[in-house]
1. What is the dipole size for the chain, taken about its Cα centre, with +1 at each Lys and Arg Cβ and -1 at each Asp and Glu Cβ, in debye to the nearest 20?
2. Could you tell me which trypsin sites (Lys or Arg not before Pro) in the stretch 275-359 are loop residues by DSSP with no more than 14 other beta carbons within 10 angstrom of their beta carbon?
3. Of the options Asn30, Thr321, Asn204, report the single residue whose Cα projects farthest towards the positive end of the charge dipole of the chain (beta-carbon charges: Lys, Arg +1; Asp, Glu -1).
4. Just to check, using Stokes-Einstein with a Kirkwood Rh over alpha carbon pairs, what's the diffusion coefficient of the chain at 10 °C and 1.306 mPa s in µm²/s?
5. Find the relative contact order for the stretch 246-344 and round it to a whole percent, using C-alpha pairs within less than 8 Å whose residues are 6+ positions apart.
6. Between Ala221 and Ala260, what FRET efficiency comes out of the Förster formula 1/(1 + (r/R0)^6) with R0 = 51 Å and r the beta carbon distance, rounded to 0.05?
7. From the backbone phi of the stretch 261-271, what are the Karplus-calculated ³J(HN,Hα) couplings (6.51 cos²θ - 1.76 cosθ + 1.60, θ = phi - 60°) in whole Hz, Gly and Pro given as x?
8. Would you mind getting me the FRET efficiency between Ala97 and Thr359? Use the beta-carbon distance for r and R0 = 60 Å, nearest 0.05.
Amino acid sequence: HPLSEPQELCPVLSVPEHLQPCVVFQAVFNLLIPDHAADAFSPPRPSPGSRWDALVERLLGGLGRWDAEHFLFIAERGYLLEHNCAFLPLFPLSLRALGWLLPWPVELQPRSRLLLSAALLNALLSALAAAALLGLGRAVLRHRRQAFLAALLFSLSPAGVFMAAAYSESMFAFLAFSAMWQLEQGQSWLGGLLFSLASGARANGLVNAGFFLYSRGKRFALQLQVGSASRRKLLCLCKQVLSLASSAALMCAGIFLPFALFQYYAYVRFCGPGTGLGQAIPEPLLQLARDKGYRVAGVGGDKPPWCSQRFPVVYSYIQDTYWNVGFLRYFELRQIPNFLLALPVTLLGSWAAWTYVSTNPRHCLTLGLERSKSEEKGKARDGFCGPAAFVYVVHATALLVFGFFCMHVQVLTRFLACSSPILYWFPAHLLQEHEPLLWSTGTDNPTSGKPLLGKSPSSCGKGTLDNPIVRLLLNWRFMTPLSKSILGFFLGYWLLGLILHCNFLPWT
């Protein structure tokens, strides 16, 4: 079983340990740095009802900034406001379920319960996402050490603050990586179910249908190449095509279903007649809606313009109307700082695509559908540049191009960090190939002969546990400039995210 080795699995499953400093640091920074008066969604809420509510807000309030306000509001009150519909329901529904089902030892207000639920849920999902990334890496890369290193890099994700905050990033990473892993193991229906759940957490989960389509198409293409002449008869070929098309259509429909159902729910909520809410709306919330121009469900007025579209999709309308998301709309001089913020992940993603294409030009030109001689002999290249990574490189590149030209570019780092394993596989590949400290299994620096730090006792297994990331960080001055740049990017964004995001300052 790909997760059976305790010596490697233990530090990966201890990924939530990186959320502990996240929680501690965000609490410290939130106390030391005054919140910025950002023009962000901030619904009115009552003052802390007890000292326990005040304590939760003081300790975890930094996890409820920016878009987390939307998720917490939806979990507490549902989709009252039109622009809340940009946030899909799986994560807030999970928060609501935890918040009301867990046996809290003290009486807490809804927001306090939801903040605690978000911290607990994301700690669990982050660990499961790391384990899924480890299993996926071993299946695709077929290079155990590189897969292990990539899973450890996940614990230092540049989007670490979003993995801990009340965002859907941890949930989506877990569902997406798990679905990819199941698909690699031949569990198509389980993978499809997980992909379907992922599309109920984030809209870019719809793109994951491409993995299933490519998997089916590749299997069919390889069967044609190895099949005998009798198998290529027209009747047999037609049966295979029909079977492929029907299963692909059914699976893609399942992946698109949660998103489509939510669009229908929004249509009934905001466009249908008699959309009474059956609940009282606080006057401060109605006043906020009037001041900001928010459309409230069940309140009289003209129907939203998107209700009259042939295919009413509230998600694209909100992105266009409320956040001005669209092709090249962010290409303005005043957005240069945000482009600089996205520069590291843009360079890293572009470098990964170029490295793979230049290493496997024929494989890329044939879309990975041609069986190479090395694959036939069972000697295919292992690691990041192996043939199995092709579809993941295409997926990451497509997300990178779309995000760079069509989205608010500063979100590109967390957009890729929770969606694509390439952001962790490629840095692991670079470290493995170019960092001498990782080449030696001994305790001496191969370049200077000096003793290396990084061997520490662990309760996870017998003897000592070698965590290569910890070893590199403890021997920082011996690392190559490339390794320092990679780990500097991961650690720098991890820390800056805690400082800035938790105080309503602009971040990714």
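Coordinate-derived values only; no laboratory data. If you're wondering where the values come from, they're calculated on a predicted model, not measured in any experiment. Every residue, glycine among them, receives a Cβ derived from its backbone with ideal geometry; neighbour counts consider all protein chains shown.
1. 1460
2. Arg310
3. Checking the options against the dipole of the chain, the answer is Asn204.
4. For these conditions, the coefficient is 64 µm²/s.
5. The value is 25 percent.
6. Calculated value: 0.95.
7. 4, 5, 5, 5, 4, 5, 4, 5, 5, 10, 10
8. Working from the Cβ atoms, E equals 0.85.
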